1. Quick check: is even one residue across the stretch 81-98 of a type in the set (F, W, Y) and modelled with pLDDT under 95?
2. Answer yes or no: is there a residue in the stretch 308-322 that is at pLDDT 95 or above and surrounded by fewer than 16 Cβ atoms within 10 Å (Cβ to Cβ).
3. Going by what's in this entry, would A331 be described as buried (at least 23 other Cβ atoms within 10 Å of the Cβ) and part of a loop (DSSP other than H, G, I, E, B)?
4. So if I check each of K267, K295, K256, which one is of a type in the set (D, E, K, R), under 22 Å from the mean Cα position of the chain (by Cα), surrounded by fewer than 18 Cβ atoms within 10 Å (Cβ to Cβ) and within 26 Å of N116 (Cα to Cα)?
5. So which residues in the stretch 93-103 are of a type outside the set (S, T, Y), buried (at least 18 other Cβ atoms within 10 Å of the Cβ) and over 22 Å from L337 (Cβ atoms)?
6. Can you tell me which residue in the stretch 55-76 is farthest from I302 (Cα to Cα), limited to those that are small (G, A, S) and surrounded by 18 or more Cβ atoms within 10 Å (Cβ to Cβ)?
7. Among residues belonging to the stretch 17-44 that are out of contact with any helix residue (DSSP H, G or I) (no Cβ under 6 Å at 6 or more places or on another chain) and closer than 18 Å to C304 by Cβ, point out the one that is surrounded by the fewest Cβ atoms within 10 Å (Cβ to Cβ).
Amino acid sequence: MIQMSKITTLAIETSCDETSVAVVEDGIKVKSNAIHTQIDIHKVYGGVVPEIASRNHLMKISSVVDKALLDADVTFDDIDFISVTTGPGLVGALLIGLSYAKALAFGLNKDLVGVNHMAGHISASFIMGAKPPFICLTASGGHTNITKVNDYTDFELLGSTKDDAAGEAFDKVARSLGLSYPGGVQIDKHAKLGDEYSIDFPVVLMGKDNLDFSFSGLKSAVLNYLNSKKMKNEEVNIDNVCASFNRCVVDTIVTKTMIALKKENMKTLCVGGGVLCNDLLRNELKKRCEEENIKLFLPDKIYCTDNAAMIGSAGYFNYINNKKDSLILNANPDLKL
């Protein structure tokens, strides 16, 4: 890898419902990380409405760019290249950020670097000081992955979700309980008030050494439990359902992550993605890593949810490895890592 220093990127992230722009230096120094969230807008609908998300990105992106530059105390003249998320994500939302980034790159005569959103979540660990090689767990609304990070741009996918991702399962179960969006936050809140061993939901491991995830069976078990209660006209203790469901998800994720570390003979674990804001998951990972003498890099919650700082970090390492893009770069909602 070519060693370069004091390279500054303006990074743009619009893969879902956060409009985020950051200024990042040398891939690890976050000079600003401006985020405009649409949670209150989509809460009315119980989830993200793609068309509404796209329109709000369009309305807010210029002001978020201005805020990122102001917070970092820089101008466009101080920016060396533009980083932008190209996928995976909502295609309309991605296109707003990408189109804006391409316009900046063209107008300012700056290089353009496309970034895989999941590579961004991995790169959040670089901001925290992690250095490859390591195992990385990334869990979000659309993905639950275990990745072997060989180098800053060299990722080997070891396991992934085969149906519902963890974040998606949280949202669907929350909706079935009548809880508001975002579901993961609500389940985390109610779980702290309930008995996590009160209901016997299944922990699905899919085999001793299997590193893939499946949460559809667990989700179905919760729905069946709720339907059974309704048919019997019995009261549902929402706190206990949330606690028991939450415990099963966390046990599944932690168990498979520890298996991956052992199989790959790794002693460093990094994590990322919105599901890593779950307090039980964070605490269990801390506990298991301490027991197994694993060094854990657990990013602040702001770097777990969607943000442009992680895109700036990933973009930097692409850039210094000469992974640049032309202005015909397009969004790919199904982009693979």
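The values are calculated or read from the model by the stated rules, or taken from the named source; none is laboratory data. In this text, all values refer to a predicted model and were calculated from it rather than measured experimentally. Cβ coordinates were reconstructed from backbone atoms using ideal geometry, including for glycine residues, and neighbour counts include every protein chain displayed.
1. Checking the stretch 81-98: not a single residue is of a type in the set (F, W, Y) and modelled with pLDDT under 95.
2. yes
3. yes
4. The unique qualifying residue is K295.
5. The answer is I96, K102.
6. Start the filter on the stretch 55-76 by keeping residues that are small (G, A, S), which leaves 62-63, 68, 72.
Now narrow it down to the ones that are surrounded by 18 or more Cβ atoms within 10 Å (Cβ to Cβ): 68, 72.
Details: A68: 15, A72: 17 Å.
So, considering only residues that are small (G, A, S) and surrounded by 18 or more Cβ atoms within 10 Å (Cβ to Cβ), the one farthest from I302 (Cα to Cα) is A72.
7. Only one residue tops the list, namely I39.
Residue by residue, here is whether (1) basic (K, R); (2) in contact with a Leu (Cβ under 7 Å, 6 or more places away or on another chain) holds:
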{"site": "V185", "(1), (2)": "no, no"}
{"site": "A191", "(1), (2)": "no, yes"}
{"site": "Y197", "(1), (2)": "no, no"}
{"site": "V204", "(1), (2)": "no, yes"}
{"site": "D209", "(1), (2)": "no, no"}
{"site": "D212", "(1), (2)": "no, no"}
{"site": "N227", "(1), (2)": "no, no"}
{"site": "K230", "(1), (2)": "yes, no"}
{"site": "E234", "(1), (2)": "no, no"}
